There are 2 protein chains.
Amino acid sequence: MPLLMLKDLPRYECLLEASREFPELDPSATEVFLNLLRTGDEAFRVVEAHLAQHDITQGGFSVLMALWGQCQRAGRELPLSPAGLADRTGVTRATMTGLVDTLERDGLVRRAPDPTDRRMMTVQLTSRGERKLLKILPAHFRQMAWLMEPLSEPERKTLVRLLTKVLGRAGETEGRPAPATALAATIGAR
Amino acid sequence: MPLLMLKDLPRYECLLEASREFPELDPSATEVFLNLLRTGDEAFRVVEAHLAQHDITQGGFSVLMALWGQCQRAGRELPLSPAGLADRTGVTRATMTGLVDTLERDGLVRRAPDPTDRRMMTVQLTSRGERKLLKILPAHFRQMAWLMEPLSEPERKTLVRLLTKVLGRAGETEGRPAPATALAATIGAR
DNA sequence: CAATTCTCGTTAGCTGCCTAACTATTCGCC
DNA sequence: GGCGAATAGTTAGGCAGCTAACGAGAATTG
């Protein structure tokens, strides 16, 4: 998530001071938020850099993983539709078209028309794609393990628990704070 | 961070099972990693959606914040160079050129040549930019507070502490796991 | 059955982000 | 003082993400 976030996170005292000017500013909440985005971004960059060594992007890697997970689960060679891939990876279908284009160009994936529904396509991992994935995965796993090494096992459990709380809140569509303007509120009500 | 990550995080048992096939896979580390990226992404999307209501992107917002923070700290109207902005926001200078282009087009920021060094430019918040920022900030702060509401004050401290540990590890350039191929290792050694 | 409606995949056009190369200017050093 | 090295900003080209609009095909429904 190449997200533009302040690189040097503000110290807590600064947040505290700013909260005097802005009563809406919750210093501890802001601190957590900034740390969360910053850390997520940095972790992302670490694996992104590794994947780049194999000439593959995070997006492409996710598609390969989704396809491969599908294989593993259902015997063998079960292809997926672009729409299914988009849902699983949390990206729009238009974006998935581009990703599959790139992967197909590189020979890691194959497109074929669905025999039963002529609107649909199927996307399938090629053997080249599977080989590439198997070459990447060990180091990828090592990287994640290395990244989390500073955390003890109980700390990991705690971290997951707290993150899950935030994730649950982020997923709520109801009860969000007011979107600031009456116009936005009207439009935003979908 | 529009990052393509699996939307439905794998259950722990699946990770455990996969670790039998891949000894490098550390289930708890992987679980933390996936949760971190997913939660960071979701939190990012929440504020991004809010900023979009004000016709501004996360990138543009970060630039305005950096400029405004500069104002606050140093009396008044202290401009910053594009390079300084790039450093503060963790983006390349080429990217900053584009961001400032957009902000200048929208009249939120003004470029002027530096009088002492003709290579340099200065970027300054316009009054329109400052007004816009002040209009956005209250709801922005409310949003962060709302997002973190499920966490108690001690939980927030804990979360920040654990995230900081991971962030520190991610920042280490030494001792990363082997990049899988000798070629990559040679190149990666910069 | 015909007409509407829905779904799937793609295209077009925008933004943000990157790297690499380029220009202009300043700095360091002999 | 003049020449090479370093630095500031931009440009060019690429990828990934988005929305909106489209055409082809399937499903629903009168």
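The values are calculated or read from the model by the stated rules, or taken from the named source; none is laboratory data. Note that this is a predicted model, so its numbers are computed, not measured. Cβ sites come from the backbone with ideal geometry, for glycine too, and all protein chains shown count toward neighbours.
If I filter segment B:44-57 for residues that are buried (at least 17 other Cβ atoms within 10 Å of the Cβ) and either hydroxyl-bearing (Ser, Thr, Tyr) or in contact with a Cys (Cβ under 8 Å, 6 or more places away or on another chain) (or both), do I get at least one hit? No, every residue in segment B:44-57 fails to be buried (at least 17 other Cβ atoms within 10 Å of the Cβ) and either hydroxyl-bearing (Ser, Thr, Tyr) or in contact with a Cys (Cβ under 8 Å, 6 or more places away or on another chain) (or both).
What is the residue count in segment B:110-122 for residues that are β-branched (Val, Ile, Thr) and more than 8 Å from DNA strand C (Cβ to nearest atom)? Residues meeting the conditions: 1.
Take the conditions more than 12 Å from chain A (Cβ to nearest Cβ), part of a loop (DSSP other than H, G, I, E, B) and of a type in the set (Asp, Glu) and apply them to B:ASP117. Does it pass? Yes.
For B:ARG156, indicate whether it is without any contact (Cβ under 8 Å) to a residue 24 or more places away in the chain, of a type in the set (D, E, K, R) and either within 16 Å of DNA strand D (Cβ to nearest atom) or crowded, with 16+ Cβ neighbours inside 10 Å (or both).
Numbers: without any contact (Cβ under 8 Å) to a residue 24 or more places away in the chain: yes; of a type in the set (D, E, K, R): yes; either within 16 Å of DNA strand D (Cβ to nearest atom) or crowded, with 16+ Cβ neighbours inside 10 Å (or both): yes.
Judged against the criteria, B:ARG156 is a match.
Of all residue pairs spaced 6 or more apart or on separate chains, those with beta-carbon atoms under 7 Å, a first member in segment A:98-109 that is away from DNA strand C (no atom under 12 Å from the Cβ) and a second member that is modelled with pLDDT of 90 or more and among the aliphatic types (A, V, I, L, M) are A:LEU108/A:LEU64.
Any residue in segment A:95-106 that is basic (Lys, Arg) and either more than 8 Å from chain B (Cβ to nearest Cβ) or surrounded by fewer than 19 Cβ atoms within 10 Å (Cβ to Cβ) (or both)?
Just the residues of segment A:95-106 that are basic (Lys, Arg), to begin with: A:105.
Restricting the remaining residues to those that are either more than 8 Å from chain B (Cβ to nearest Cβ) or surrounded by fewer than 19 Cβ atoms within 10 Å (Cβ to Cβ) (or both) gives A:105.
The answer is yes, given that some residue of segment A:95-106 is basic (Lys, Arg) and either more than 8 Å from chain B (Cβ to nearest Cβ) or surrounded by fewer than 19 Cβ atoms within 10 Å (Cβ to Cβ) (or both).
In segment A:9-25 there is no residue matching the filter, namely being within 8 Å of another protein chain (Cβ to nearest Cβ), under 30 Å from A:THR95 (Cα atoms) and either within 16 Å of DNA strand C (Cβ to nearest atom) or not hydrophobic (A, V, I, L, M, F, W, C) (or both).
Quick one: which of A:GLY69, A:GLY60 is in a helix (DSSP H, G or I) and within 13 Å of DNA strand D (Cβ to nearest atom)? Give the steps one after another, and end with the answer.
Working: A:GLY69 fails: within 13 Å of DNA strand D (Cβ to nearest atom).
A:GLY60 is the lone residue from the list that is in a helix (DSSP H, G or I) and within 13 Å of DNA strand D (Cβ to nearest atom).
For segment A:89-117: of the residues being among the charged types (D, E, K, R) and either modelled with pLDDT under 90 or more than 9 Å from DNA strand D (Cβ to nearest atom) (or both), which is farthest from the chain's Cα centre (by Cα)? Talk me through it step by step, then tell me what you get.
Kept after step one, since they are among the charged types (D, E, K, R), are these residues of segment A:89-117: A:93, A:101, A:104-106, A:110-111, A:114, A:117.
Filter once more, so that each one left must be either modelled with pLDDT under 90 or more than 9 Å from DNA strand D (Cβ to nearest atom) (or both): A:104, A:106, A:110-111, A:114, A:117.
Details: A:GLU104: 22, A:ASP106: 22, A:ARG110: 24, A:ARG111: 24, A:ASP114: 28, A:ASP117: 30 Å.
Result: A:ASP117.
Scanning segment A:68-88 for residues being under 22 Å from A:LEU134 (Cα atoms) and at pLDDT 90 or above gives a total of 1.
Of these, A:ARG45, A:ARG128, which one is within 16 Å of DNA strand D (Cβ to nearest atom), part of a helix (DSSP H, G or I) and either more than 14 Å from chain B (Cβ to nearest Cβ) or modelled with pLDDT under 90 (or both)? Talk me through it step by step, then tell me what you get.
Values: A:ARG128 fails: within 16 Å of DNA strand D (Cβ to nearest atom).
Being within 16 Å of DNA strand D (Cβ to nearest atom), part of a helix (DSSP H, G or I) and either more than 14 Å from chain B (Cβ to nearest Cβ) or modelled with pLDDT under 90 (or both) holds for just one of A:ARG45, A:ARG128, which is A:ARG45.
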